[in-house]
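Structure first, commentary second.
The values are calculated or read from the model by the stated rules, or taken from the named source; none is laboratory data. The shown structure was predicted, so the numbers you read here are calculated from the model rather than taken from an experiment. Neighbour counts are summed over all protein chains in view; Cβ atoms, including those assigned to glycine, are modelled from backbone coordinates with ideal geometry. Accessible surface is based on the protein model in full, side chains and every heavy atom, while ligands, DNA and RNA are left aside. Shrake-Rupley method; radii C 1.70, N 1.55, O 1.52, S 1.80 Å.
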Amino acid sequence: VMADRGVDMSALPKEVRDHLAELDLELSEGDITQKGYEKKRTKLLAPFFIPPPGTNPNPPPPPPPPPEPTSDPPAGRTSAVQAALAKHKEEKMALPMPTKRRSTYVPSPVETRTPPDSSSGSDDDGSLRRRSSAGPPPSPDCWINRSVQGSSTSSSASSTLSHGEGRPLPQGLPPPAQTNSHTQTTAPHPPSQAGLQENNGPPPEGSGGAPPTLTRGPRVDLTKAVVRGMSRVQSRSSMMETADGVPVNSRVSTKIQQLLNTLKRPKRPELSEFFTDDSEEIVEVPLPDPNTPKPEGRQIIPVKGEPLGVVSNWPPALQAALARWGSTQAKSPALTALDITGKPLYTLTYGKLWSRSVKLAYTLLNKLGPKNEQILKPGDRVALVYPNSDPGMFWVAFYGCLLAEVIPVPIEVPLSRKDAGSSQVGFLLGSCGVGLALTSEICLKGLPKTPTGEILSFKGWPRLKWVVTDSKYLTKPSKDWTPHVPTANTEPAYIEYKASKEGTVMGVAVSKVAMLTHCQALTQACNYCEGETMVNVLDFKKDIGLWHGVLTAVMNRIHTISVPYAVMKACPLSWVQRVHVNKARVALVKCRDLHWAMMAHRDQKDTSLASLRMLIVADGANPWSVSSCDAFLNVFQPNGLKAEVICPCATSPEAMTVAIRRPGVPGTPLPARAILSMGGLSHGVIRVNTEDKNSALTVQDVGHVMPGALMCIVKADGPPLLCKTDEIGEIVINSRAGGTMYYGLPGVTKNTFEVIPVNSSGAPIGEIPFVRSGLLGFVGPGSLIFVVGKNEGLLNVSGRRHNADDLVATALAVEPVKTVYRGRISVFSVTVFYDERIVIVAEQRPDASEEDSFQWMSRVLQAIDSIHQVGLYCLALVPANTLPKTPLGGIHVSDAKQFFLEGNLHPCNILMCPHTCVTNLPKPRQKQPVGVGPASIMVGNLVAGKRIAQASGRDLGMIEDQDLIRKLCMWPTMMHLYLSEALQWRAQTDPDHVLYVLLNAKGVAVCTATCLQLHKRAEKIAAALMEKGSINTGDNVVLLYPPGIDLIASFYGCLYAGCVPVNVRPPHPQNLGATLPTVRMIIDVSKAACILTTQNLTRILRSKEASASVNIKTWPTIIDTDDLPRRRLPQIYKPPTAEMIAYLDFSVSTTGMLTGVKISHVAVSALCRSIKLQCELYSSRQIAICLDPYCGLGFVLWCLASVYSGHQSILIPPFELETCLSLWLSTLSQYRIRDTFCSYSVMELCTKGLGTQTELLKARGVNLSCVRSCVVVAEERPRLVLTHSFSKLFKDLGLSPRAVSTAFGSRVNLAVCMQGTTGPDPSTVYVDLKSLRHDRVRLVERGAPQSLPLMESGKILPGVRVIIVNPETRGPLGDSHLGEIWINSPHNASGYFTIYGEESLQADHFNTKLSFGDPTTLWARTGYLGFVKRTELLDAAGDRHDALFVVGSLDETLELRGLRYHPTDMETSVSRAHRSIAESAVFTWTNLLVVVAELGGSEQDALDLVPLITNVVLEEHHLIVGVVVIVDPGVIPINSRGEKQRMHLRDSFLADQLDPIYVAYNM
């Protein structure tokens, strides 16, 4: 009984006590917050409070209300947990707290937010408490119970590290405003804060400032240096920077540093290093620990129960007993039901029960069909659907079915289509062949209906006919009809449902003789007498509630008082009051009911429990039952409760009652408890706990075996081998009183109901079959049975077994009051990476603060680590009342697990600890030193016995075909060296031939250019350059144009004037801050003498907005080409040699590097000639280009190829697709284009945007059957999934599956491969991902596990030679070996113009020689990994075709655990993990793998992604993710080629500019 300091509770007036009891109930129901509760309670008690001298006049809050389905943790466990936590506290490890964005999803009181911590927060004040700002630090023993002050909901703008100090807001400052999902109002900084200040500037670039939508912001090419300039974190103090220019004390890096410190701790199990680095790398089982305890006892001898006595007047069948009482004791009460307030509602006498059951039996057999046809035959199965509050109707239905000899299958009332496990109930009904359901009128009205009034067909259920069994619908049988009551036989009497660990619901069939024998055995064991009274709080549809409260009760003419669950929730003491009022002799309860009664028990002096001779505890086999029973006895002993009446029992649906403690004789000593070592239990052996009292488990016995039964203990898995006496195993029972089979499932039945135990030599111990009970236990002294867990709650982790209930008990002992809602905690395991991993999910109280929750989670980790010596994989908190419930309020574990694996749990807090619990990873690879060894000796064209991996396109110089010569209208021999001359020649010979057509979003040609027009415009531009720009020959000139014909004219204008054009993407007018600095940088790096651009862009360059991000006063001369002079060019420049530079090609790589390469006139003409030959381009051809024309092959196709080959190019600017998605495809159809070029971003736009509209396009007449080749221009590994999806989607529009192919280029050579018109189709191979990580290629069959499909990147262009080289030894490699792709070709670039920030980058990228083999040829290094494979296909010349496969860029690869990973492989896995992941990117930071995922769904899915992402990367890539960042769609920066800019993303993350929805730091 709780007494508050200063208030004498017993002296309070009755109404105040009642008010307090109501308040307690409200709090336990979750109807009032803890704060509200304390406020109201203080108000109520204030008048009666006498403060002792010198005390604080505010009383502390009372102890909390009870948790719901479980109970108080065992008393021993609480102290053990506290001791374990205290031990951890000394280690002072700080766990980084996850970062969560404030949003509508996580409401939290505004005033609890603290300013952001800088990394100056001291690291030494224990990870698990925050000192309040006033007063001395608390004493160690009270830290567990402290309510945390200054706690904070960490947001992206203001997060509180768990080791920082919570400071209250300084006086006189306004409280911070609530932030919305993007703009952040940071709390004002107290003066003591270190100098890290965030300005409240515009939203970060990724967010675009608008509410998140699925569209990405403008595609931006950002370089590293730009990121530096954009950092939002300005520092007042001198700040140390990391190498990447990211402030070290940015919040993210502090947390990562914290995480690294945590991970540096040695893990407890010293793992033997058992991995060998072979290509298979399958995880092996660790070597057994020599110190593992082994069972040492002798083999167990089967235990026999006392013989089942024979009583002369026992009935031949249970129905016969009912018939007897119905006629001889008709007035005797059988059942009393209670209403919702706990008052008796009605009493059913034995006479009424008999007559109604007979009426129902008659109706079932004779009155259901039309014209009284018999629908039901004896032996048919019938579902019983009755609510828990209506036992009377259920009793009548159950006995009515027995009398009609049909088999009742009681199930729960379905409340909605989404009921936990409802489809599994459908499986049960299906396997039992149920077609008819009995229910009451009220229940039928409450069932969910369709709009037409039909009862919903529930998911997975068979079609049911519903029959209402209320008395008024039953027919009285004719005088001569009596039910047939045969002697009990082995046919099924009823079917009880049972859910397995996986959630499958099966029906255990109980035969008529087993039902009768079980009642007899229970009568004997419990000593039931005729006419006793029993209170039943349990579910009467199954298990003990049914066996004692419905069946045995009727056999012994007992009066049962049924207390429904709803009454227990409203009035937890109702069952105790019923025992008192009715002087009941027996009560059937669960620990939960004991617990609730204790909590509601104030001072019920007048309640007497002296009449009880048996208090049967149904879940007495649970680990926490001991403490519940003890505590209950403690509280109610003054009320007459005797210690010997508490009778725990052990039951299972298959074996029915396994053991029950017999009611004791007053005064005899109670049976001893077993105090076992948890460590021993986890190895399956019984050891009395001696060394560490923290990890002890106290268990009580569940009495002796049932009368007439035989019991053994066998190994729980594998063959049923008899255990030794000191070994834990599964209890198996042989008895006439048990289930006979899983109805309709003969396969599963055999392994459970027909087990014959074998001895150590493997010989069966006898003929008789035993039934597996699913309970794990042992036989103690005096043949007492002890149960330590259930098979289905077993978690097998790294060869040790843990019991889910034990873990729940430990978690409950971690003072869950402030955090866990009603003690609702669920524990299960999931299999990830070859082992089971433990997951704990708990419901969080609505008023729990982030800080409290996080502290609770970190403590649970430590407690379980100390007590059970096992690591948790994941700990999640979900909002109150969201875990799937079983009908009586427990947690539906298998559904909770399913939700977790599908990503449907929607946690509000999550902590993953893969680093601590995944201990079976392969050993990191040790790289061998490389040297050119004897194995590399070359013989002719072989390396180490393999053909050298080299391939080449056909010869550039030879044109054998005479017709082709005429077609190409052979030019003067030297002219094609210079494009400027080619244009002049075309303007003379074919002036009106249209070279270019530019389309707008409507598909209308807004601009065209003939050869002559282009030539004239180029001349004007050249004249303007001479006049306005006063340009010298060889000066660099920047071209700044939107995609169009002006860009092309300016390019040739520069060539005519003798300057070098530098093509630059114009800044985005809506996003100048991000895009203009890149423009500025290229202008500065290229030392441009002037800028050619349009009037519009000139205005932007000089605008006020531009001045915010760059210095606009220092632009070079800007020439507006919209306004050109009428002057003629005196002469057109001709370069003295073709080796001179034609233009500079600048590009930002995906790693954020800005590189400019020099392209000579020779290279330009060789490249154009190569493309002309490969694609068969000549003046009568038309091609469509939908690409960005700013660098690489895109620029060549847009500006150069048409002038060289004379074909007509239809230009479609990709940004026009944003307004009209179908523009590109309808252009192909309208102009009947045979060859088209696009980028991945264009293809992705069409796939995602038009995927559902193919019918609509077809109706508009779009037909793609004309397309012969559609080439994706890229500098990356072909995206097979995207190209396949595109081909598949638009097959209906006539697109040939062979049309889509890819091209490949790099910085050193803009075009290495392109499919072209002739030659074999691109081939696809499957390589083993594991070998790729070891830099090897192992080809496997399609569909092999861990295989990666790779598509050839198109045919190698004419004039190009490719060789695969080991990047370290620089020696050539053999066929199908992975190495760097080196190129020799006349169109290689001449060298880097400069590489910004990395001037030292080797010039040897362009002219490198092999270390052996062919020492003379000069090669260019592409920086890409790939391999060459000789295929079975033949090329145009009839030789076998060599295919080049690009794997990925060396710069982008991640080196982790000594292996090489390609980010795109991980991203593919991550994007598959959950439907809400729109896009993902990975990068590393200080050896931690960071995964950023864009959330396409609702924000409540955000935390579901964390475990799924961690799982998939661990399963498929054998890596542990360090940090998971969930962001809005469009945050991952993607450049114009559709490539992710991972380094830019990394820098933004470290500079804390992503505004993430959630950041999880995996421990």
Which is open to solvent by 20 Å² or more (accessible area, probe 1.4 Å) and in contact with a helix residue (DSSP H, G or I) (Cβ under 7 Å, 6 or more places away or on another chain), of 1204, 1178? 1178
Return yes when residue 682 is in contact (Cβ under 8 Å) with a residue 24 or more places away in the chain, touching a His at 6+ places or on another chain (Cβ under 8 Å) and open to solvent by less than 10 Å² (accessible area, probe 1.4 Å) and no when it is not. yes
Taking the stretch 1407-1452 and keeping only residues that are farther than 12 Å from residue 1380 by Cβ and among the small types (Gly, Ala, Ser), one is left with 1411, 1413, 1436, 1437, 1438, 1443
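Residues are listed down the side, and each one gets a yes or a no for (1) among the aliphatic types (A, V, I, L, M); (2) open to solvent by less than 50 Å² (accessible area, probe 1.4 Å); (3) in contact (Cβ under 8 Å) with a residue 40 or more places away in the chain; (4) more than 27 Å from residue 404 (Cα to Cα):
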residue: 425; (1), (2), (3), (4): yes, yes, yes, no
residue: 428; (1), (2), (3), (4): yes, yes, yes, no
residue: 432; (1), (2), (3), (4): no, yes, yes, no
residue: 438; (1), (2), (3), (4): yes, yes, yes, no
residue: 443; (1), (2), (3), (4): no, yes, yes, no
residue: 459; (1), (2), (3), (4): no, no, yes, yes
residue: 463; (1), (2), (3), (4): no, no, no, no
residue: 470; (1), (2), (3), (4): no, yes, yes, no
The conditions are (1) open to solvent by less than 10 Å² (accessible area, probe 1.4 Å); (2) closer than 30 Å to residue 642 by Cβ; (3) out of contact with any Cys (no Cβ under 6 Å at 6 or more places or on another chain), and residue 702 fails exactly one of them. Which is it? (3)
Could you give me the residue pairs with C-beta distances under 6 Å whose first residue belongs to the stretch 357-368 and is more than 24 Å from residue 391 (Cβ to Cβ), whose second residue is open to solvent by 30 Å² or more (accessible area, probe 1.4 Å) and assigned to a helix (DSSP H, G or I) wherever it lies, and which are 6+ apart or on separate chains? 366/372
Condition met for residue 1420 (aliphatic (A, V, I, L, M), part of a strand (DSSP E or B) and under 26 Å from residue 1305 (Cβ atoms)): yes
Matching option when the condition is over 26 Å from residue 1273 (Cα atoms), surrounded by fewer than 20 Cβ atoms within 10 Å (Cβ to Cβ) and not small (Gly, Ala, Ser), among 1394, 1484: 1484
Output for Cβ contacts, cut-off 7 Å, separation at least six or different chains, first residue among the acidic types (Asp, Glu) in the stretch 1243-1259, second open to solvent by less than 90 Å² (accessible area, probe 1.4 Å) and at pLDDT 90 or above, reads 1244/1282
Identify the residue in the stretch 1357-1370 that is of a type in the set (Val, Ile, Thr) and not in a strand (DSSP E or B) and, among all such residues, is least open to solvent (accessible area, probe 1.4 Å). 1360
Identify the residue in the stretch 964-1007 that is of a type in the set (Ser, Thr, Tyr) and at pLDDT below 95 and, among all such residues, is surrounded by the fewest Cβ atoms within 10 Å (Cβ to Cβ). 973
Set 732, 820, 830, 771: member being in contact with a strand residue (DSSP E or B) (Cβ under 6 Å, 6 or more places away or on another chain), surrounded by fewer than 20 Cβ atoms within 10 Å (Cβ to Cβ) and at negative phi: 830
Please determine whether any residue of the stretch 1130-1143 is open to solvent by less than 20 Å² (accessible area, probe 1.4 Å) and within 50 Å of the chain's Cα centre (by Cα). yes
Lone unmet requirement of (1) open to solvent by 10 Å² or more (accessible area, probe 1.4 Å); (2) out of contact with any Phe, Trp or Tyr (no Cβ under 9 Å at 6 or more places or on another chain); (3) in contact (Cβ under 8 Å) with a residue 24 or more places away in the chain for residue 579: (1)
Only unsatisfied item for residue 1383, checking (1) open to solvent by 20 Å² or more (accessible area, probe 1.4 Å); (2) under 27 Å from residue 1328 (Cα atoms), is (1)
Got at least one residue in the stretch 1284-1305 being open to solvent by 10 Å² or more (accessible area, probe 1.4 Å), within 28 Å of residue 1456 (Cβ to Cβ) and not polar (S, T, N, Q)? no
Within the stretch 472-502, can you find the residues that are open to solvent by 20 Å² or more (accessible area, probe 1.4 Å) and β-branched (Val, Ile, Thr)? 475, 482, 485, 487, 490
Could you please give the count of residues in the stretch 1311-1341 that are open to solvent by less than 10 Å² (accessible area, probe 1.4 Å) and among the aliphatic types (A, V, I, L, M)? 5
Hits in the stretch 288-320 - residues which are over 52 Å from the mean Cα position of the chain (by Cα) and hydroxyl-bearing (Ser, Thr, Tyr): 312
Considering only residues of the stretch 1217-1226 that are in a helix (DSSP H, G or I) and surrounded by fewer than 20 Cβ atoms within 10 Å (Cβ to Cβ), which is modelled with the lowest pLDDT? 1218
Conditions first: (1) open to solvent by less than 30 Å² (accessible area, probe 1.4 Å); (2) modelled with pLDDT under 90; (3) closer than 23 Å to residue 1153 by Cβ. Residue 1354 passes all but one, so which condition is the exception? (3)
Go through the stretch 583-656 and tell me which strands (runs of 3 or more DSSP E), entirely inside it, have 1 or more residues that are open to solvent by 20 Å² or more (accessible area, probe 1.4 Å) and within 23 Å of residue 558 (Cα to Cα). 646-652
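So that you can scan it fast, the table gives a plain yes or no per residue for (1) within 19 Å of residue 77 (Cβ to Cβ); (2) of a type in the set (A, V, I, L, M); (3) open to solvent by 20 Å² or more (accessible area, probe 1.4 Å); (4) part of a loop (DSSP other than H, G, I, E, B):
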site: 782; (1), (2), (3), (4): no, no, yes, no
site: 795; (1), (2), (3), (4): yes, yes, no, no
site: 866; (1), (2), (3), (4): yes, no, no, no
site: 875; (1), (2), (3), (4): yes, yes, no, no
site: 878; (1), (2), (3), (4): no, yes, no, no
Could you list, in sequence order, the residues of the stretch 883-900 that are touching a Leu at 6+ places or on another chain (Cβ under 8 Å) and open to solvent by 40 Å² or more (accessible area, probe 1.4 Å)? 899
In contact with a Lys or Arg (Cβ under 8 Å, 6 or more places away or on another chain), hydrophobic (A, V, I, L, M, F, W, C), open to solvent by less than 20 Å² (accessible area, probe 1.4 Å) and in a strand (DSSP E or B): is that true of residue 1092 in this structure? no
Subset of the stretch 657-700, residues closer than 18 Å to residue 723 by Cβ, assigned to a loop (DSSP other than H, G, I, E, B) and more than 40 Å from the chain's Cα centre (by Cα), comes to none
Which members of the stretch 1504-1530 meet the condition of being touching an Asp or Glu at 6+ places or on another chain (Cβ under 6 Å) and crowded, with 23+ Cβ neighbours inside 10 Å? 1527
